[in-house]
1. In terms of Cα to Cα distance under 16 Å, which aspartates and glutamates are near enough to Lys64, apart from those fewer than 8 places away along the same chain?
2. Using alpha-carbon positions, what is the distance between the centroids of region 48-124 and region 209-257, in Å?
3. Please report, to one decimal in angstroms, the Kirkwood hydrodynamic radius of region 1-99 built from all distinct Cα-Cα pairs.
4. Once phi is turned into θ = phi - 60°, what whole-Hz ³J(HN,Hα) does the Karplus curve with 6.51, -1.76 and 1.60 give for every residue of region 314-326, x standing for Gly and Pro?
5. Along each principal axis of its Cα atoms, how long is region 5-351 end to end? Whole angstroms, biggest number first, please.
6. Taking every DSSP beta bridge that has both residues in the chain, what percent is antiparallel when rounded to the nearest 5?
7. Taking every pair of alpha-carbon atoms in region 40-82, give the share separated by more than 13 Å as a whole percent.
8. How far apart, in nm, are the 7 Å Cα→Cβ label points at Asp227 and Glu50?
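Readers should treat all values here as calculations from the given coordinates under stated rules, not as data from a laboratory. In this text the structure is predicted, and so the values were computed from the model without any measurement. Because the Cβ atoms are built from the backbone with ideal geometry, glycine has one as well, and the counts that use them run over all protein chains shown.
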Amino acid sequence: MEIPTEPIGSIPRPPALLAALADHAEGRIGDDELAARRSEAVADTIARLERTGSPVLVDGEQSKPSFATYPIAGLENLRPEGAVIPFADGHTRRLPSLTSGPFGYAVRAETYLRQARRHTDLPVKQAVIAPSALSLLYPAEGIEDYPRKAFLDDLVAEAEADIRGCLDAGAHVVQLDFTEGRLSLKLDPGGGLLEDFIALNNRVLERFSAAERARIGVHTCPGGDQDSTHSLDVDYAELLPRLFRLQAGNFYVQLASEPDPDRVLRLVGDSLRSGARVFVGVTDPIDPRVETPEQVRDRVLAAARHIPADRLGTCDDCGFSPFADDTSTSRETAFAKITARVDGTALAARELGL
């Protein structure tokens, strides 16, 4: 038996794609040329991930504007003034706000998956945004003739279709990005917002069979953008027991950047639902230092003291560039860290006699 290891999602975009994005924004190139640069970046990302020895691949989110906003890119019933996400270094990201209904996705994640699968025969994972994040699009003042309940019903249907489309298109696993889970406890320390998020996400997950949920995972982290986080100061003890109530088969838990990983591992071991697998973060995308395989091995062995080996996997803490304009981590550093994760996980498996 091996210990499975998977990337989270985003990889820094190559310089040619970053230049094309800037040129497209300024009107210097058209949609077709931008699409060509994106296609080249996807092919290069897949090829380089294969060279790391990664058993599961991703497209690196090369064609997404961000991990969170891909479904709404191009929608006309939005205004730019929406929920603000503050990061520890002082910078912010802002979601747009819905102006009218009904709500529907403009882009589904299966389009990215199908493009990636053209370049490889290896398993491909697809990241999607959790419906809880998109629930923040609905304005606090409401929308005339489109109540919040109707919006949430539409959102649940759209999120189900996004996940199901990826499963039907052959995704190895579909991963819900749930970075807003930890952030919600900063916005609402009482936990009411988190409870709403869990309930909403479970409305979607419960639409899938047990066999399908075994191919669905949830990723949690304190955010990772421009070498900063939005909720690393929030105690994991407030999140993890609730997180594992989500009806998913896999959980991807940021851990390498935690100040007290053993404490978190104890929480995971105490809270992990029967039948679920947890992938622990063993590389920190924000730290510019590239982990050695031996460091990764030791982190895996520490996790194995709290989590049964047959329910353990490894991952990166977070995506390396969840927003397309984030260049704080180089592409070379990202692939070096992924190589260390793959090699270090294999070392740990041998140490454990697997």
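1. Asp31, Asp32, Glu33, Glu40, Asp44, Glu110, Asp162, Asp177, Asp225, Asp325, Asp326
2. 17 Å
3. For region 1-99, the Kirkwood estimate is 15.8 Å.
4. Going residue by residue, I get 10, 7, 7, 4, 7, x, 7, 7, x, 10, 4, 8, 7 Hz, with x marking Gly and Pro.
5. Largest first, region 5-351 extends 60, 47, 41 Å along its Cα principal axes.
6. About 25 percent, rounded to the nearest 5.
7. The share of Cα pairs beyond 13 Å in region 40-82 comes to 63 percent.
8. 3.4 nm
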